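Before we start, here is the structure in question, set down as structure tokens.
Every read-out reported here was derived from the displayed coordinates using simple, explicitly stated rules and does not represent laboratory data. Small disclaimer: the values here were computed from a predicted structure and weren't measured. Cβ placement follows ideal geometry from the backbone for every residue including glycine, while neighbour counts extend to all protein chains displayed.
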Amino acid sequence: MSKVIIQTEAERRKVNSELFSLTYGSFVVQLLKDFGDVSEVNNQLEKIGYNIGIRLIDDFLAREPNFRCASFNETVENAFPLYLGVQPSIRKPKPEDTECFIIIGENPLTDFVELPEIYANLCYSNVLCGVLRGALEMIRMKVECCFVKDALKGDEQSEIYLKLIELINDEAVPDYED
């Protein structure tokens, strides 16, 4: 006779998050084997995230049909569900500025991860920077995005720096990155 296990929604989300974390870790390990160069793996993770981001924005806009990207600040404050089950906090140096820091207290990508010394320069969660860059580019905002703090490297929490470079004209459509 088989046992019936009933899980709550929170338990299912945790299992899904853990499975995703382990799968992502295997993926990063394979990239390290394939490319052998940490800086190239960082670039590949960012490009993969970019391609994910340009598709995720469609899902976000479908769920939030009334969302309007009136300004960089409004977008930063209202449009950063990272699809990871965490709610980041936003720190802006100046209220009117076009830059901010996205603080991720617990990064689900880094569950079960320790970086060996030889991979000290690996930006393990760089896919998130690509996701942000790709999603924002699809709503006409070209940004610079990078990790400035990383919990995997001993910082208390992970922190992403985000800066608006320019607003893109309606005619310009970004190319997919290879």
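Using the 10 angstrom Cβ neighbour count as an exposure proxy, how do Leu167, Leu32, Leu162 rank, fewest first?
Values: Leu167 13, Leu32 16, Leu162 23.
Result, fewest neighbours first: Leu167, Leu32, Leu162.
Moving on to the next point. Using Cα-only point scatterers and the Debye equation, what is log10 of I(q)/I(0) for region 9-167 at each q in 0.09, 0.10, 0.16, 0.19 Å⁻¹, rounded to two decimals?
Values, matching the q order: -0.30, -0.37, -0.95, -1.31.
Along Cα→Cβ, 7 Å out, is where each label goes; now give me the distance between the ones at Val38 and Arg91 in nm to one decimal.
With each label point 7 Å from Cα toward Cβ, the separation is 2.4 nm.
Would you give the gap between the C-alpha center of region 95-109 and the C-alpha center of region 15-68, rounded to a whole Å?
Distance between centres, Cα-based: 17 Å.
What list of ³J(HN,Hα) values in whole Hz, one per residue of region 40-45 in order, does the Karplus curve 6.51 cos²θ - 1.76 cosθ + 1.60 (θ = phi - 60°) give from phi, with Gly and Pro shown as x?
Values, residue by residue: 5, 5, 4, 5, 5, 4 Hz.
Among Val127, Asn43, Asn73, whose Cα projects farthest towards the positive end of the dipole of region 9-167, with charges put on the beta-carbon of Lys, Arg (+1) and Asp, Glu (-1)?
Positive-most Cα among the choices belongs to Asn73.
I would also like to ask the following. I'd like to compare 125-134, 151-160: which one has the highest average count of other Cβ atoms within 10 Å, and what's the full order after that?
Working: 125-134: 24.5, 151-160: 15.8.
The most tightly packed comes first, giving 125-134, 151-160.
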